[in-house]
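*Asks:* There's a structure below that I have some questions on.
The values are calculated or read from the model by the stated rules, or taken from the named source; none is laboratory data. As the structure is a prediction and not an experimental result, all values here were calculated from the model. Reconstructed Cβ throughout: ideal geometry from the backbone, glycine too, with neighbour counts over all protein chains shown. To get the accessible areas, we keep the full protein, side chains included, count just its heavy atoms, and leave off ligands, DNA and RNA. Shrake-Rupley method; radii C 1.70, N 1.55, O 1.52, S 1.80 Å.
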Amino acid sequence: QVQLVESGGGLVQPGGSLRLSCAASGIAFRAYVMAWYRQAPGKQRELVAIITTGGITNYADSEKGRFTISRDNTKSTVYLQMNSLKPEDTALYSCKAAWGRNDYWGQGTQVTVSS
């Protein structure tokens, strides 16, 4: 059974930082491209960051320089370090594992940026 479990969300003040984690089980993690998405209320889900099996990363323009995606294949976990958070970063953050035609999603972790 495949499971992706996100953690690390919460309430943070503008300018603050959070580190999200997504722990995977039931898949050959190192073979999967991993990504973080987010969905704010009333908006479509959008890609935040992606990391390939070889560690190549890419980010949405609004996150470049503020967010860092990384992976630890020994722990089957992908991380999203988020710095300089803004109120517009408020959303449900979910991770996705992709390999070929196989896509798996976690349930998400809520991030709220507010003073």
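*Asks:* Looking at (1) open to solvent by 50 Å² or more (accessible area, probe 1.4 Å); (2) in contact (Cβ under 8 Å) with a residue 40 or more places away in the chain, find the lone condition where residue 12 falls short.
*Replies:* (1) is the only condition that residue 12 fails.
*Asks:* What number of residues within the range 73-95 satisfy the criterion of being open to solvent by 30 Å² or more (accessible area, probe 1.4 Å), of a type in the set (D, E, K, R) and within 22 Å of residue 42 (Cβ to Cβ)?
*Replies:* 2
*Asks:* Right, next: Provide a single number: the residues in the range 18-39 that are open to solvent by 40 Å² or more (accessible area, probe 1.4 Å) and within 14 Å of the chain's Cα centre (by Cα).
*Replies:* Residues meeting the conditions: 5.
*Asks:* Out of (1) open to solvent by 80 Å² or more (accessible area, probe 1.4 Å); (2) at pLDDT below 95; (3) within 19 Å of residue 83 (Cβ to Cβ); (4) not β-branched (Val, Ile, Thr), the odd one out for residue 42 is which?
*Replies:* Status for residue 42: all satisfied but (3).
*Asks:* Filter the range 45-72 down to the residues that are among the aromatic types (Phe, Trp, Tyr) and open to solvent by 40 Å² or more (accessible area, probe 1.4 Å) and list them by number.
*Replies:* 59, the sole residue that qualifies.
*Asks:* Going by what's in this entry, would residue 114 be described as at pLDDT below 95 and touching a helix residue (DSSP H, G or I) at 6+ places or on another chain (Cβ under 9 Å)?
*Replies:* On the way: at pLDDT below 95: no; touching a helix residue (DSSP H, G or I) at 6+ places or on another chain (Cβ under 9 Å): yes.
Judged against the criteria, residue 114 is not a match.
*Asks:* Looking only at the range 44-59, which residues are touching a residue at least 40 places away in the same chain (Cβ under 8 Å) and either out of contact with any helix residue (DSSP H, G or I) (no Cβ under 8 Å at 6 or more places or on another chain) or polar (S, T, N, Q) (or both)?
*Replies:* 45
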